[in-house]
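Read through the structure below, which is laid out as structure tokens, and then see the notes.
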Amino acid sequence: MSQPFYVSPEQVMKDRADYARKGIARGRALVAVQYSDGIVLVAENTSNTLRKISEIYDRIGFAGVGKYNEFDQLRRFGVRNADVKGYQYSRDDVEARSLANEYAQILGQTFTHEMKPLEVEILVAEVGFTQESDQLFHIMYDGTLVDEQGMSVLGGDAESIADRLSDTWRKEDDLRSAVRGCVAALSGPDRTLGASDTEVAVLARSNGRRCFRRLDDAEVVALLA
Amino acid sequence: MFGPDDDPGSSFVSLLRRVGIEPFGVESASGVGAVNAPHGTTVLALRFEDGVVMAGDRRATMGHRISNREMEKVVPADRFSGVAIAGTAGPAMDMIKVFQLQLEHFEKLDGRPISLEGKANQLSQLVRANLPAAMQGLGVSPIFAGYDLLRRTGRLWDFDLTGGRYEERDFVAIGSGGGPASTVLKVGYRPGMTVDDAVTLACRALHEAADVDAATGGADALRGIYPVVATITSDGWSRRADTDLAPRFEAFLAEQRAILGGGAS
């Protein structure tokens with residue numbers, strides 16, 4: 001019987017992290033920022049049907065980058081978790097923080113115990129009743145949970161996008177300047193992105209009970225014009 | 001998270017059962033006889049040129065006692081449909097809650113809303129699931145109405161206690177005051193009515209039902225409680241304000257006063 005080679009735990013974790021990072025870097029990035037009426041989420045996405053951004057609950061949105069089937073599975077988990085909780089308790093008891101923790105647990109468990117880590121990075125955003133209570137939770141492939149302030153960038157090339165975004169972004173911006181800033185940060189200096197290359201949605205305080213709203217191409221064109 | 005072989009799909013009721021919650025508590029008819037619980041009474045729906053009008057009185061009764069004067073028996077199911085309930089208040093409210101969640105849950109998971117006919121079908125399954133409770137006198141019979149975005153028209157359905165689903169062409173009224181309300185609708189209904197005429201007709205039907213049925217509440221000008229009247233069109237659900245309804249009920253009274261010549265009858 002042949003003995004398996006000894007591989008140090010450090011090496012195993014490093015290999016898994018490299019594997020996940022490579023998978024995520026292949027996909028296109030996504031940004032979320034606060035604006036005057038809530039949170040706007042903008043993804044680079046040429047598909048009009050396979051969404052990266054979606055609604056979880058009244059005030060909670062979800063965004064994912066990386067492998068579609070993996071983050072979509074997480075999205076479905078989130079919707080189910082939120083709807084059951086809202087049914088058993090009250091709609092007020094569904095909050096982003098506990099959902100983000102559950103996601104961190106799932107991603108962390110998968111990262112340490114499974115052969116293959118999930119090649120995803122996700123964002124759970126909750127729009128508060130005031131701008132001060134807005135929340136952005138960024139969860140990495142290994143379960144690392146970060147509570148971000150004001151803006152969040154997910155996916156490949158995140159650092160340079162974050163640099164560009166932090167130059168233009170102000171939390172007092174209206175929707176138009178927020179979307180323009182996000183699209184400019186995603187595209188960078190060498191190319192331009194149009195409405196058909198992007199997916200835009202808002203969690204808007206003024207939207208009634210269900211704050212989540214997807215902006216269609218015509219609206220995005222008007223905002224970018 | 002669910003694996004591919006035990007995934008509950010887009011149904012909220014299946015999901016609840018999968019996680020061990022039974023949304024319809026009464027399991028079987030054990031023959032305890034009728035339970036005395038609050039009942040709701042006259043609700044109706046009719047079509048007009050741009051969609052449907054739904055309306056319902058506000059009274060809930062327990063035997064001969066008025067248990068609630070402000071109950072809302074007509075509620076939006078989602079943006080383009082509404083549900084009106086006659087029957088036992090408790091299970092009815094629970095059913096509405098599950099139904100609303102079912103529609104929203106599907107919309108979020110699948111990324112698109114259920115078709116109007118699909119929604120009616122879903123409600124019929126919920127009514128059928130409530131059958132054991134109905135056998136013990138806790139029956140719920142709803143009206144479902146909405147704007148069909150595919151066919152660009154208003155449509156409406158009523159249901160029996162076994163979940164039977166019947167699409168009505170123009171109007172329907174159910175509950176203890178459903179008889180007189182239906183008659184008013186039948187006499188006053190015209191195809192392609194304007195929204196204003198349809199709202200007045202709905203108010204008239206409730207007014208006449210309240211006049212003869214003790215379990216139906218009329219407009220209560222003293223407390224400022226008016227029936228729930230809502231329209232559903234391609235712009236979605238919109239509830240009529242009390243200030244819009246009050247003059248209509250005032251006009252019915254003025255008309256009756258004139259007929260009676262100020263005398264009592």
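The values are calculated or read from the model by the stated rules, or taken from the named source; none is laboratory data. Please read these numbers as outputs of a predicted model, since none were measured by experiment. Note that we place each Cβ from the backbone using ideal geometry, even for glycine, and neighbour counts take in every protein chain shown. Accessible surface is based on the protein model in full, side chains and every heavy atom, while ligands, DNA and RNA are left aside. Shrake-Rupley method; radii C 1.70, N 1.55, O 1.52, S 1.80 Å.
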For A:Gln34, the lone unmet condition from (1) open to solvent by less than 10 Å² (accessible area, probe 1.4 Å); (2) assigned to a strand (DSSP E or B) is (1)
Filtered residues of the range A:73-101 (kept if surrounded by fewer than 16 Cβ atoms within 10 Å (Cβ to Cβ) and either in contact with a Cys (Cβ under 6 Å, 6 or more places away or on another chain) or within 13 Å of chain B (Cβ to nearest Cβ) (or both)): A:Gln88, A:Tyr89, A:Ser90, A:Arg91
Checking A:Gln135 against (1) open to solvent by 40 Å² or more (accessible area, probe 1.4 Å); (2) more than 21 Å from A:Glu55 (Cβ to Cβ), which single condition isn't satisfied? (2)
Assigned to a helix (DSSP H, G or I), closer than 24 Å to A:Arg26 by Cβ and open to solvent by 50 Å² or more (accessible area, probe 1.4 Å): is that true of A:Ala218 in this structure? no
Residue selected from the range B:1-38 under the condition at pLDDT 60 or above, part of a loop (DSSP other than H, G, I, E, B) and of a type in the set (D, E, K, R), by the criterion surrounded by the fewest Cβ atoms within 10 Å (Cβ to Cβ): B:Asp5
Log entry, pairs with first residue in the range B:42-55 being more than 12 Å from B:Ala230 (Cα to Cα), second being hydroxyl-bearing (Ser, Thr, Tyr), beta carbons closer than 6 Å, six or more apart or on different chains, reads B:Thr42/B:Thr216; B:Asp50/B:Thr233
Among A:Ser160, A:Ser196, which is surrounded by fewer than 21 Cβ atoms within 10 Å (Cβ to Cβ), under 30 Å from A:Asp18 (Cβ atoms) and away from chain B (no Cβ under 14 Å)? A:Ser160
Please specify each residue of the range A:55-68 satisfying the condition of being within 11 Å of chain B (Cβ to nearest Cβ) and either on the phi > 0 side of the Ramachandran plot or open to solvent by 10 Å² or more (accessible area, probe 1.4 Å) (or both). A:Glu55, A:Asp58
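Restricting attention to the range B:72-113, report how many residues are modelled with pLDDT under 90 and within 11 Å of chain A (Cβ to nearest Cβ). First the steps, then the outcome.
Taking the range B:72-113 and keeping what is modelled with pLDDT under 90, we get B:86-94.
Imposing the further condition that a residue be within 11 Å of chain A (Cβ to nearest Cβ) reduces the set to B:94.
Looking only at that region, the number is 1.
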Can you tell me which residue within the range B:148-177, out of those that are among the hydroxyl-bearing types (Ser, Thr, Tyr) and not in a strand (DSSP E or B), is surrounded by the fewest Cβ atoms within 10 Å (Cβ to Cβ)? B:Thr162
Among the residues of the range A:87-117, which ones are assigned to a helix (DSSP H, G or I) and of a type in the set (S, T, N, Q)? A:Gln88, A:Ser98, A:Asn101, A:Gln105, A:Gln109, A:Thr110, A:Thr112
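Is it the case, given these coordinates, that B:Pro142 is more than 14 Å from chain A (Cβ to nearest Cβ) and either outside any helix (DSSP H, G or I) or free of Cβ contacts under 8 Å to residues at least 60 places away in the same chain (or both)?
yes
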With the condition kept exactly as written, say whether any residue in the range A:173-185 is away from chain B (no Cβ under 14 Å), in contact with a Leu (Cβ under 8 Å, 6 or more places away or on another chain), farther than 27 Å from B:Lys108 by Cα and open to solvent by less than 10 Å² (accessible area, probe 1.4 Å). yes
Exactly one of (1) touching a residue at least 24 places away in the same chain (Cβ under 8 Å); (2) closer than 22 Å to B:Ala45 by Cα is unmet by B:Arg223. Its number? (2)
When only residues in the range B:56-71 that are assigned to a loop (DSSP other than H, G, I, E, B) and either under 12 Å from B:Thr42 (Cβ atoms) or modelled with pLDDT of 90 or more (or both) count, which is least open to solvent (accessible area, probe 1.4 Å)? B:Asp57
Among residues of the range B:56-92, those that are charged (D, E, K, R) and within 15 Å of B:Gly139 (Cβ to Cβ), counted: 1
Of the residues in the range A:144-157, how many are open to solvent by 30 Å² or more (accessible area, probe 1.4 Å) and among the aliphatic types (A, V, I, L, M)? 3
Quick check on my filter: what residues within the range B:186-226 are among the hydrophobic types (A, V, I, L, M, F, W, C), part of a helix (DSSP H, G or I) and surrounded by fewer than 22 Cβ atoms within 10 Å (Cβ to Cβ)? B:Val187, B:Val195, B:Val212
